[in-house]
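Here the structure comes first, spelled out in structure tokens, and everything after it is commentary.
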Amino acid sequence: MTARARSRPRGSRSPRSRRQRGRFSFPFDRFPYRGALAVAVGALAVAALLVVVDVTSLLADARDTLLRTLGAGGFILLGLAVASVAAVRQGAHQEGRAFARRALGVAALAWFAWGALALNEANWTLGSVDFAQTTLGGELGRTLIAGFLGKLAWISAFVVGMALVAPTATFAFARRAPLWLQEAWDRRWPHRFVGGIGRMLEFAFHRPGAHTGDELVIGATTLPPPPATPAFEERPLIFRPSIDPAAPSSPLGAGAAVTFTPRPNPIAPESAEPPAAPEPGPGPLPFDLDDAPAEPQQLGLDLETKSGWQLPALELLNEPKPAIHRKHDNAARAQLIVDTLASFGVDASVVEINEGPTVTQFGVEPGWEVKYRETQLRDENGRAIIGADNRPLVERKEVSRTRVRVNKITALANDLALSLAAPSLRIEAPVPGRAIVGLEVPNDSATVVSLRAVMETKEFSDLAAKSRLAMALGKGVSGVPVVADLAKMPHLLIAGATGSGKSVCMNSIICGIMMNATPEQVRFIMVDPKRVELSAFAGIPHMAFSEVIVDVDKVVGALQAVVGEMESRYKKFQAMGVRNIEGYNRHPRVLRKLPYWVVIIDELADLMMAAPFEVEKLLCRLAQLARATGIHLIVATQRPSVDVVTGLIKANFPTRIAFAVTSQTDSRTILDMGGAEKLLGRGDMLYAPTDASKPIRIQGVYVSDAEVERLVEFWKDERFSALAPESADHLLEEALTHINGDSDVEVEDSDPIVDRARALAMQHSRVSPSLFQRRLKVGYLKAAKIIDILEEEGTIGPREQGESRDVLVSTADSQVP
């Protein structure tokens with residue numbers, strides 16, 4: 001018996017405080033409990049004596065009558081009587097309603113236990129009573145569960161009893177049990193099902209809000225806000241270095257080092273109530289069922305619109321894959337980080353850990369730089385005190401304390417990468433909105449983020465309900481989905497080295513818009529100089545032009561056609577007295593709404609090499625003026641040099657995405673800062689929105705070729721053939737007609753330019769319209785006419801692949817008489 005237990009007042013309620021400390025010991029030393037225990041032992045001894053020992057016939061008849069009527073339930077009545085005496089002796093009956101509620105709950109549980117005894121027909125015999133006929137619950141117990149209503153009342157007694165005795169735990173258990181069972185069913189893993197049952201039982205015997213696991217808390221992120229903390233999560237830990245960074249052995253001093261153990265976060269005193277558990281359960285659902293989006297098409301349903309179009313179901317996309325089990329120990333890596341910093345004399349602590357699909361972010365909080373002064377210890381006579389090692393004893397006193405500078409942590413990036421055995425390590429100092437430094441360490445294996453996994457989240461559903469240009473970009477360093485609205489960007493610049501994930505990112509953006517918008521709402525203009533990246537989308541009804549622009553010579557004309565559409569829309573806005581496309585489409589006099597146009601250019605470097613002045617001028621004009629008309633640009637390049645991404649282009653594309661690049665110079669060209677050179681590739685990117693001071697690291701979504709094919713086949717179905725909107729090819733033809741001032745495309749056989757073209761063709765083995773455009777200074781349409789004339793006369797062969805033709809007549813053949 002401890003002194004603390006002996007000094008506690010008699011009227012204090014100690015069991016609750018003992019439970020809050022995590023242990024429980026029955027207070028047998030208190031008088032009411034000793035009295036109740038004595039009464040219980042005596043009653044049980046008398047009952048056992050009457051049941052087992054042979055007595056006189058009068059007592060035997062009474063005993064058999066009790067056993068036949070009550071069975072083993074008599075002991076339940078005896079236990080209730082003993083508990084009632086103990087409660088009265090303790091004064092619990094003075095609590096009023098609380099005591100009545102608990103008493104009714106105990107009585108209901110006793111009813112349930114008595115009914116459970118009545119279900120057991122044991123082959124036991126005591127005296128003349130055969131329990132195989134009367135059951136262990138006796139005749140009264142059999143009556144309690146007789147019939148359907150009796151069994152229903154018997155089961156309800158358990159539920160009511162648990163709700164009255166432990167209402168908080170019971171209600172929380174009932175609320176979370178369906179989510180755990182759903183998780184086990186969805187994953188179809190036996191160990192998950194057993195784990196779910198174990199978590200139910202574990203929660204039933206723990207107070208709500210108390211931690212029940214040994215995992216480390218995942219801390220909050222910056223942009224976007226993190227999800228709610230699960231109810232089973234442990235209080236966050238703070239990892240402190242196991243060595244003193246200000247010890248004399250460190251660079252700040254000399255002597256023996258002082259070691260100390262890491263300490264956790266300070267917890268609340270025993271008298272304080274623990275924080276309430278958050279409502280969402282730990283199930284795999286990406287959002288709460290009560291917060292499901294109102295529009296059914298966002299849940300993957302085949303919704304038919306008023307115009308006859310149907311949006312594709314989410315089942316066309318691949319199902320999200322489960323998260324990969326990590327081999328590393330984040331707690332051990334956090335401790336290694338603080339110990340490495342301490343070995344270089346930097347005091348710091350890891351206050352949060354955010355694990356994402358590709359990297360894990362460790363939130364490092366700078367510590368203090370403490371300076372000490374050593375003074376020798378002296379006795380009363382002023383002589384130095386000698387220690388056991390025959391050296392004078394010294395005393396260290398703190399003289400100053402200043403915060404550790406952030407640049408001391410960032411300067412140790414290579415040393416931290418070496419200690420963690422990481423290929424690269426990116427430091428974000430500081431994390432926006434937080435007083436910590438973020439160390440992003442790569443995981444041993446990356447988790448694939450599918451497009452469907454992000455589109456099923458509440459964040460994307462809320463955004464898609466407001467805008468038809470919602471984009472699912474990926475997941476952040478803490479696994480939080482990141483979505484964006486192209487209409488608010490309003491233009492996007494994507495850059496990165498070959499194989500870093502640019503084309504996959506563009507395909508995911510296109511597929512995300514096609515999943516959420518019909519051809520009457522969004523139209524695409526695709527420019528693909530590579531000829532293979534965007535060709536899979538050819539023929540979909542969303543295309544504004546009937547083809548994907550793959551010829552570099554047509555790009556200027558396509559951009560000029562988009563500029564013409566922009567000017568035409570501004571004239572319509574002026575006539576209606578509106579300012580933008582939203583106001584125009586809402587105007588009551590508008591009968592035909594204008595769709596959004598999204599111009600997608602896959603490789604800007606090829607265009608800048610062919611016609612740098614025209615392309616830059618048209619792109620900048622569209623970027624400056626096209627936002628209000630609903631025309632938005634998405635431009636990608638794999639060579640982010642200053643001659644491709646010029647100053648004018650950067651100034652008009654405020655929203656940018658940088659994938660892995662080869663040098664810090666390329667990163668500064670895209671983002672005006674370094675960091676992209678340390679990305680891991682394969683979808684790892686930095687997203688710089690207009691409303692953020694620093695880029696956000698994201699693992700981009702992945703869309704397979706099979707998903708793209710299924711989505712394209714859905715939109716190319718014959719049921720939509722009659723609904724396909726009119727194409728804007730006439731705008732492209734007009735732009736190509738007037739390009740380079742070539743408005744007259746009529747060419748005769750006797751035209752001198754045909755002779756010049758014939759002579760030029762005989763100097764080459766293959767010719768194309770672009771060759772005649774450059775050498776003869778003519779437009780595309782006139783060059784195409786010249787190609788047709790030369791083909792008719794047999795100078796060049798027919799078209800086989802692309803725009804080039806074989807030359808059939810050489811210079812020597814033309815000189816033969």
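The values are calculated or read from the model by the stated rules, or taken from the named source; none is laboratory data. Note that the structure is a prediction, hence the values are computed from the model and not measured. Note that we place each Cβ from the backbone using ideal geometry, even for glycine, and neighbour counts take in every protein chain shown. Please note that ligands, DNA and RNA were not included when accessible areas were found on the heavy atoms of the full protein model with its side chains. Shrake-Rupley method; radii C 1.70, N 1.55, O 1.52, S 1.80 Å.
The table below lists the values:
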{"read-out": "Residue pairs meeting the criteria (Cβ under 7 Å; at least 6 apart or on separate chains; first within 17 Å of Lys397 (Cα to Cα) and touching a residue at least 24 places away in the same chain (Cβ under 8 Å), in region 359-385; second open to solvent by less than 100 Å² (accessible area, probe 1.4 Å) and basic (Lys, Arg))", "value": "Tyr372/Arg396; Tyr372/Lys397; Arg373/Lys397"}
{"read-out": "Filtered residue count, region 448-488, keeping only those that are among the hydrophobic types (A, V, I, L, M, F, W, C), over 21 Å from Gly356 (Cα atoms), in contact (Cβ under 8 Å) with a residue 60 or more places away in the chain and open to solvent by less than 10 Å² (accessible area, probe 1.4 Å)", "value": "3"}
{"read-out": "Any hit, region 553-561, residues being out of contact with any helix residue (DSSP H, G or I) (no Cβ under 7 Å at 6 or more places or on another chain), open to solvent by 20 Å² or more (accessible area, probe 1.4 Å) and of a type in the set (D, E, K, R)", "value": "no"}
{"read-out": "Qualifying residue in region 432-447 (condition: of a type in the set (Ser, Thr, Tyr) and in a helix (DSSP H, G or I))", "value": "no"}
{"read-out": "Number of the exception - Lys617 against (1) out of contact with any strand residue (DSSP E or B) (no Cβ under 8 Å at 6 or more places or on another chain); (2) open to solvent by less than 10 Å² (accessible area, probe 1.4 Å)", "value": "(2)"}
{"read-out": "Some residue of region 585-599 being in a helix (DSSP H, G or I) and farther than 30 Å from Ala497 by Cα", "value": "yes"}
{"read-out": "Test: residue in region 402-420 that is in contact with a Lys or Arg (Cβ under 9 Å, 6 or more places away or on another chain) and under 27 Å from Lys321 (Cβ atoms)", "value": "yes"}
{"read-out": "Top-ranked residue in region 572-614 [being closer than 13 Å to Ala628 by Cβ and of a type in the set (Lys, Arg); ranked as least open to solvent (accessible area, probe 1.4 Å)]", "value": "Lys572"}
{"read-out": "Filter pass, Val437 being crowded, with 19+ Cβ neighbours inside 10 Å and within 30 Å of Pro312 (Cα to Cα)", "value": "no"}
{"read-out": "Qualifying residue in region 688-706 (condition: open to solvent by less than 70 Å² (accessible area, probe 1.4 Å), of a type in the set (Asp, Glu), at pLDDT 90 or above and not in a loop (DSSP other than H, G, I, E, B))", "value": "no"}
{"read-out": "Candidate set: region 715-735, residues that are assigned to a helix (DSSP H, G or I) and either within 30 Å of Gly479 (Cβ to Cβ) or of a type in the set (Asp, Glu) (or both); chosen: the one least open to solvent (accessible area, probe 1.4 Å)", "value": "Asp729"}
{"read-out": "Residues of region 332-383 that turn out to be open to solvent by 60 Å² or more (accessible area, probe 1.4 Å) and closer than 17 Å to Val406 by Cα, as a count", "value": "4"}
{"read-out": "Filtered residue count, region 636-649, keeping only those that are outside any loop (DSSP other than H, G, I, E, B), surrounded by fewer than 17 Cβ atoms within 10 Å (Cβ to Cβ) and in contact (Cβ under 8 Å) with a residue 12 or more places away in the chain", "value": "1"}
{"read-out": "Filter pass, Lys530 being modelled with pLDDT under 90 and in a loop (DSSP other than H, G, I, E, B)", "value": "yes"}
{"read-out": "Residue under evaluation Ile525, criteria (1) open to solvent by 40 Å² or more (accessible area, probe 1.4 Å); (2) within 12 Å of Ala728 (Cβ to Cβ), criterion not met", "value": "(1)"}
{"read-out": "Flag for Ala658 being over 29 Å from the mean Cα position of the chain (by Cα) and either modelled with pLDDT of 90 or more or farther than 19 Å from Ala497 by Cβ (or both)", "value": "no"}
{"read-out": "Boolean, Gly681 is on the phi > 0 side of the Ramachandran plot, small (Gly, Ala, Ser) and surrounded by fewer than 19 Cβ atoms within 10 Å (Cβ to Cβ)", "value": "yes"}
{"read-out": "Within region 740-817, helices (runs of 4 or more DSSP H) holding 2 or more residues that are modelled with pLDDT of 85 or more and surrounded by 11 or more Cβ atoms within 10 Å (Cβ to Cβ)", "value": "752-762, 780-792"}
{"read-out": "Residues located in region 650-674, provided they are crowded, with 21+ Cβ neighbours inside 10 Å, part of a loop (DSSP other than H, G, I, E, B) and touching a Lys or Arg at 6+ places or on another chain (Cβ under 9 Å)", "value": "Phe659, Ala660"}
{"read-out": "Breaking point among (1) assigned to a loop (DSSP other than H, G, I, E, B); (2) open to solvent by 70 Å² or more (accessible area, probe 1.4 Å); (3) out of contact with any Ser or Thr (no Cβ under 7 Å at 6 or more places or on another chain), for Gln624", "value": "(1)"}
{"read-out": "Only listed residue being part of a helix (DSSP H, G or I) and of a type in the set (Gly, Ala, Ser), chosen from Gly474, Gly479, Gly512", "value": "Gly512"}
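For (1) at pLDDT below 90; (2) under 36 Å from the mean Cα position of the chain (by Cα); (3) not aliphatic (A, V, I, L, M), each residue gets a yes or a no:
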site	(1), (2), (3)
Gly557	yes, no, yes
Val562	no, no, no
Lys571	no, no, yes
Met576	no, no, no
Gly583	no, yes, yes
Leu594	no, yes, no
Ile601	no, yes, no
